[in-house]
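What follows draws every value from the coordinates through simple rules; no lab data is involved. Predicted, not measured: the structure shown is a model, and the values here were computed from it. Glycine also receives a Cβ, built like all others from the backbone with ideal geometry; neighbour counts cover every protein chain displayed.
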Amino acid sequence: MRIILGVGGGIAAYKSATLLRLFTEAGHSVTVIPTASAGEFVGRATWEALSGQKVPEGIFDDVEKVNHVRLGQEADLIVVAPATADLLARAAAGMANDLLTNTLLMAACPVLMAPAMHTEMWRHPATSANVKLLRERGITVLEPATGRLTGVDSGPGRLPEPDEIYAAAMNTAGGASDGAAVTQPDARQTAAFQSPVAHSAAVQPAAGPLAGRTFVITAGGTREPLDPVRYLGNRSSGKQGAALAKAALDAGATVHFIAAHTEVEPPAGVELTAVETALELREAAQAAAQAADVVVMAAAVADFRPAELSGSKIKKRDDGEDPVITLVRNPDILQELVQNRDATGSTGVPLIVGFAAETGDAESDILSYARRKLERKGCDLLVLNQVGTGVVFGQDETSVQILSPGTEDTEAASGTKADVAVAIIDRIAVELKAQH
Ligand code: CTP
C-alpha cells in the first residue's frame, strides 16, 4: 500500500517514528509529510532514514512534480499522527495552507487521524465540533488514550500507542493487506476507538476467514432517562458483546461496535458509536446496518421507556403524593432491522443475529420461548441464554444454544464469554459462507 504519514507538531511526533517502522516493516511504501511545526520535534533526517524516501518539500518547492495534487491522489491510505488541535481544525475547515492539508483535500482514499493534545484542548467545544465534522465526512478519528501528558498533568489526550494506530489503520484501509487495493472511505469509518488500556499485540494486517466483512455488534444495556439524574436500566455488562467484537476482529472482520452502557472497554480496533437509550441505539443500528454484512444484536434493549422526561430532578413532594411513572413501548430494533432488510428485497444481507435472554417459567421452558422469539423476530440466528439473578449477567462463564429457522437442531456452546463468542462467530461465518 502507498501510505502517506502526516505528522503534526506535537511532542508525540516521536512516537510516529515507531509507527513508520511498523508500516515499512510490513512492506508498505510510506511518504512522510511533516507540518512545519513537526520539524521542531523530529527532524527530516529521521523520517527520510526510516522511510527510505525523500520528505517532500512544501507546496512551492518541486512544483514541477505537482506534489500538492499528486500525493493525495496516489495514496491508498493517509494516517495523520499526531493530529494536533490545529491540524484537526484546519482539516475540518478544508484549509490548504501547507502540503499536508493540500494532500488531505486531494485524498480519495481512507484517512485516519490519531489526535494528541492536552485534555483541555481535546475537550474544547471547537475541537469536539471539528472531530464530529471530520467523522461525519467519513474520516476515522481515533479517541486519544488517557494517561500522562506532557508536563505533570494527565487525562485524555495521549497519542494511542503505535501498534494500536497501526491496527486501526489496517482496519480503516478495509483490511487490505500488502499491496492490495483498498476501499473508498464510507460511512462505516466513523468514530474508531482505541482503548487506552487494551493493547493490540497483533499488528498484522487484517486477515482471516472474515476479512473484508463488516460486522455491526450492539452491546450493553440501554438507559432510559427519567430526569437528569435517574434512569431505567438493566443488568447487562456488555461483556458478551465486547467478546463477540473481539472474536470478529480476530477473524479479520471490520467491527462497528454500538455500545450502550457497558462495564468493559470496547476492544481495541473497533469503530465505536456510544449510545444511551433504545431510540439512539435504533438510529445508530439502522444507519450502520446499511453498510453491514452481519448485524449482531447483543445489546439488552429496554422494552419500555418513561413516557415523560422531566427536565429537572423529580422531587419528593410535601403533600406526600408519590410520582407515578408511565412507561411507553420502545420499538423492537431487531424486528425492524429484519423488516427493513426484507422490504428492500435484498437476499439476506445483512445477516441478522438476535439474542434471547430467557428465565423460563411454569408455563414454558426456555427453548420453546426462544423458538417463538426466533419466529416472531424473523432473524437468521438466535442465541439463547438462560438468565436470572446471578446467572449470566456480569459473569464470565456462560452457556448458550444457537437456534436457526427451519430446523429443530440447536448448537450448544459453553465456557468463558470469549470461548462462546468464538463459537458464535464461527457459526456466523458458516452461515455467511452458505448464503454467498
Ligand atoms: N431487542 C431489540 N429491541 C427491543 C428489545 C429487544 O432489538 N426493544 C433485541 C435484543 O437485542 C435481542 C433480542 O431482541 O437481540 C431479544 O431480546 P429479549 O429482551 O430477550 O426479547 P424481547 O423482545 O424483549 O422479548 P420478551 O421481553 O417478550 O422476552
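Could you please report the charge total around GLU397, scoring K, R as +1 and D, E as -1 over all other residues with beta-carbon less than 12 angstrom from its beta-carbon? Spell out each step's value before the answer.
Details: positive: LYS239, LYS417; negative: ASP396, ASP419.
So the surrounding residues net to 0.
Please get the size of the charge dipole for the chain, origin at its Cα centre, with Cβ charges of +1 on Lys and Arg and -1 on Asp and Glu, quoted in debye to the nearest 20.
Working: 37 positive and 53 negative charges, 109 e Å.
Around 520 debye, computed over the chain.
Mind checking which lysines have their Cα closer than 25 Å to the Cα of LYS377? Skip sequence neighbours fewer than 8 apart in that chain.
Here the lysines satisfying the reach criterion relative to LYS377 are LYS239, LYS417, LYS433.
For LYS316, which lysines qualify as cross-link partners when the Cα separation must be under 26 Å and same-chain residues fewer than eight apart are set aside?
Filter leaves no residues.
Along the positive direction of the dipole of the range 214-434 (beta-carbon charges: Lys, Arg +1; Asp, Glu -1; about the Cα centre), which of ASN385, SER310, ILE352 reaches farthest?
Toward the positive end, the furthest listed residue is SER310.
Checking the cross-link filter: which aspartates and glutamates have an alpha carbon closer than 12 Å to that of LYS315, excluding same-chain neighbours under 8 positions apart?
LYS315 reaches ASP227.
Run through the DSSP bridge list for the chain and note the antiparallel percent, rounded to the nearest 5.
Once the DSSP bridges in the chain are tallied, antiparallel ones form about 35 percent.
What's the angle, to the nearest 10 degrees (0 to 90), between helix 125-136's Cα axis and the longest principal axis of the chain?
Here the helix axis deviates by roughly 80 degrees.
Calculate I(q)/I(0) for the range 1-90 by the Debye formula, one identical point scatterer on each C-alpha and no solvent, and give its log10 at q = 0.10, 0.18 Å⁻¹ to two decimals.
Relative scattering, expressed as log10 I(q)/I(0), comes to -0.23, -0.77.
If you average the alpha carbon positions of the range 294-314 and of the range 123-176, how far apart do those two centres end up, in angstrom?
What the calculation gives is 29 Å, centre to centre.
Within the set of other residues whose C-beta is less than 15 Å from the C-beta of VAL229, count the net charge using Lys and Arg as +1 and Asp and Glu as -1.
+2
Grab the beta carbon distance between SER312 and GLU265, set R0 = 35 Å, and tell me the FRET efficiency rounded to 0.05.
Working: r = 33 Å, r/R0 = 0.94.
Calculated value: 0.60.
Convert each backbone phi in the range 374-380 into a coupling constant with the Karplus relation 6.51 cos²θ - 1.76 cosθ + 1.60 (shift: θ = phi - 60°), then list the ³J(HN,Hα) values in order as whole Hz, x for Gly and Pro.
Along the range 374-380, the couplings run 4, 5, 5, 7, x, 6, 8 Hz.
Under the Kirkwood approximation for Rh and a Cα-based Rg, what ratio Rg/Rh is obtained for the range 214-434?
Expressed as Rg/Rh, it is 0.99.
Under Stokes-Einstein, with the Kirkwood radius over Cα pairs standing in for Rh, what whole-number D in µm²/s applies to the chain at 20 °C and 1.002 mPa s?
On the way: Rh = 23.3 Å.
Reported coefficient: 92 µm²/s.
Report the full-extension gain for the segment THR18 to GLN290: residue separation times 0.36 nm, less the Cα-Cα distance, to one decimal in nm.
Additional length available on full extension: 94.3 nm.
Considering the options GLY138, SER51, TYR14, tell which one lies farthest towards the positive end of the dipole of the range 1-150, charges being +1 on Lys and Arg and -1 on Asp and Glu at the Cβ, about the Cα centre.
Result: GLY138.
Treat each spin label as a single point 7 Å out from the Cα along the C-beta direction, and report the GLU74 to THR416 distance in nm.
4.7
Once you've got the GNM for the chain with C-alpha springs shorter than 10 Å, pick whichever of VAL353, VAL69, VAL295 has the biggest mean-square fluctuation.
In this elastic network of the chain, the residue with the biggest mean-square fluctuation among VAL353, VAL69, VAL295 is VAL69.
Farthest toward the dipole's positive end in the chain, which of VAL63, THR398, LEU87, given Cβ charges of +1 (Lys, Arg) and -1 (Asp, Glu) about the Cα centre?
Checking the options against the dipole of the chain, the answer is VAL63.
Within the range 48-150, list the GluC sites (Glu not before Pro) lying in a DSSP loop whose Cβ has at most 16 other Cβ atoms in a 10 Å radius.
GLU57
How much net charge surrounds TYR166 when only other residues with a Cβ under 12 Å from its Cβ are counted (Lys, Arg +1; Asp, Glu -1)?
Residues near TYR166 contribute -2 overall.
Chymotrypsin sites (Phe, Trp or Tyr not before Pro) within the range 37-113: which are DSSP loop residues with at most 11 other Cβ atoms inside 10 Å? Walk me through the numbers before you get to the answer.
Working: sites: PHE41, TRP47, PHE60; in loops: PHE41, PHE60.
The qualifying sites are PHE60.
Across 10 Å bins from the origin, how do the percents of Cα pairs in the range 283-364 run, short distances first?
With a bin width of 10 Å, the distribution comes to 13, 31, 24, 19, 9, 2, 0.
Would you look at the GNM of the chain, springs on alpha carbons closer than 10 Å, and say which of VAL42, VAL66, VAL131 moves the most?
Its mean-square fluctuation being the largest, the pick is VAL66.
How far apart, in nanometres, would the label points at ALA96 and VAL324 be if each is projected 7 angstrom from Cα along the Cα-to-Cβ direction?
Rounded to a tenth, the inter-label distance reads 6.5 nm.
Whole number please: convex hull volume per residue, Cα atoms of the range 10-157, in Å³.
Dividing the Cα hull volume of the range 10-157 by its residues yields 108 Å³.
Neighbour counts of other C-beta atoms within 10 Å: give me TYR14, TYR231 arranged from fewest to most.
On the way: TYR14 14, TYR231 18.
By the 10 Å Cβ count, ascending, the order reads TYR14, TYR231.
Could you pull the Rg and Dmax for the range 316-365, using just the Cα atoms, both in Å?
20.0, 60
Taking 60 Å as R0, compute the FRET efficiency from the Cβ-Cβ separation of LYS54 and ASP365 and round it to 0.05.
0.25
For the range 253-313, what is the charge dipole size about the Cα centre, in debye to the nearest 20, if Lys and Arg each add +1 at the Cβ and Asp and Glu each add -1 at the Cβ?
In debye, rounded to 20, the range 253-313 gives about 140.
For the range 214-434, what is the percent of antiparallel DSSP beta bridges, rounded to the nearest 5?
About 40 percent, rounded to the nearest 5.
When only DSSP loop residues count, what GluC sites (Glu not before Pro) in the range 282-346 have their Cβ near at most 15 other Cβ atoms within 10 Å?
Values: sites: GLU283, GLU308, GLU321, GLU336; in loops: GLU308, GLU321.
Passing sites in the range 282-346 are GLU308, GLU321.
Just the number, please: percent antiparallel of the DSSP beta bridges in the range 61-158, rounded to the nearest 5.
In the range 61-158, DSSP labels about 40 percent of beta bridges as antiparallel.
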